[in-house]
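Trainee: Sharing a structure below in structure tokens format, with a few things to ask.
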């Protein structure tokens, strides 16, 4: 790799620390992206976040995608690994090729320790993660949505998965504070679904007790009417059903949004 080419590289920084993408690192080291990814996955205990790499997600990733077009970040990308000087050195050691070491030595001088760092663009800012209080408040919201169902654990797991999907936060990473409004909207949507379903189940149980056990009505007739309740669940306006519970749950959401 020619030093002149390295001199012309635009320095990408995270919290004013020079970093490099997996794609560019692989290209400079003369290897495939998959090799860099495999070396990381097979030796992830040797890579420390904040020391060897940064994982960019959410709004930080969106800003990076818009402002640093040269990196060609796909719109489908949910997270991006940015390697620090120590991370790049570790990959050079794992590849064990003369080219990788030669390039890394040049990166030390022309990229990671370049005077261009202070004026380089763009710069990303580390995302603020959930505190224990934030996590406790969100856990309470999830419990409010799932409490009382027979398969409560399955419901809870599904809700947590939905929250990670909507925010693009892989497990077991902590959620980002900037995603709180988005998560509140998703919690509201799921709560209206679970509350409506919970009410229908309660009505079905009441009818079974009253009409089948106490009044001994025709079982086929009663079960047919109960079935209609669940069929209507798919078509009805959930917001109307849960109107009387809005105020209480909105208070819980406000508590979460204001980070008490």
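Trainee: Hey, among the residues in segment 42-57 that are under 18 Å from residue 129 (Cα atoms) and crowded, with 19+ Cβ neighbours inside 10 Å, which one's nearest to the chain's Cα centre (by Cα)?
Mentor: The first filter runs over segment 42-57 and keeps only residues under 18 Å from residue 129 (Cα atoms), leaving 48-51, 53-57.
Filter once more, so that each one left must be crowded, with 19+ Cβ neighbours inside 10 Å: 53-54, 56-57.
Values: 53: 18, 54: 15, 56: 11, 57: 7 Å.
It comes out as 57.
Trainee: Can you work out which of the residues in segment 116-136 that are closer than 22 Å to residue 64 by Cα and modelled with pLDDT of 85 or more is surrounded by the fewest Cβ atoms within 10 Å (Cβ to Cβ)? Spell out the reasoning first.
Mentor: Filtering segment 116-136 down to residues closer than 22 Å to residue 64 by Cα leaves 116-130.
After this cut, where a residue has to be modelled with pLDDT of 85 or more as well, the list is 129-130.
On the way: 129: 13, 130: 20.
Here the answer is 129.
Trainee: Show me the strands (runs of 3 or more DSSP E) entirely contained within segment 1-115 in which 1 or more residues are at pLDDT 85 or above and on the phi < 0 side of the Ramachandran plot.
Mentor: Numbers: elements: 12-14, 17-21, 53-57, 79-83.
Correct list: 17-21, 53-57, 79-83.
Trainee: Are any residues in segment 166-205 part of a helix (DSSP H, G or I), within 15 Å of the chain's Cα centre (by Cα) and either within 15 Å of residue 59 (Cβ to Cβ) or modelled with pLDDT under 90 (or both), and if so, which ones?
Mentor: 166, 167, 177, 178, 179, 180, 181, 182, 183
Trainee: Here is a check on your reading of the model: is residue 141 without any contact (Cβ under 8 Å) to a residue 40 or more places away in the chain, surrounded by 15 or more Cβ atoms within 10 Å (Cβ to Cβ) and closer than 29 Å to residue 260 by Cβ?
Mentor: no
Trainee: If we scan segment 207-216, do we find a residue that is closer than 30 Å to residue 129 by Cα and crowded, with 17+ Cβ neighbours inside 10 Å? Explain how you work it out, then say what you get.
Mentor: At the first step, the residues of segment 207-216 found to be closer than 30 Å to residue 129 by Cα are none.
No, every residue in segment 207-216 fails to be closer than 30 Å to residue 129 by Cα and crowded, with 17+ Cβ neighbours inside 10 Å.
Trainee: Quick one: what pairs do we get from segment 82-101, first residue without any contact (Cβ under 8 Å) to a residue 40 or more places away in the chain, second assigned to a loop (DSSP other than H, G, I, E, B), C-beta under 8 Å, 6+ apart or different chains?
Mentor: 86/51; 86/52
The values are calculated or read from the model by the stated rules, or taken from the named source; none is laboratory data. Since this is a predicted model, take the numbers as computed values, not measurements. Note that we place each Cβ from the backbone using ideal geometry, even for glycine, and neighbour counts take in every protein chain shown.
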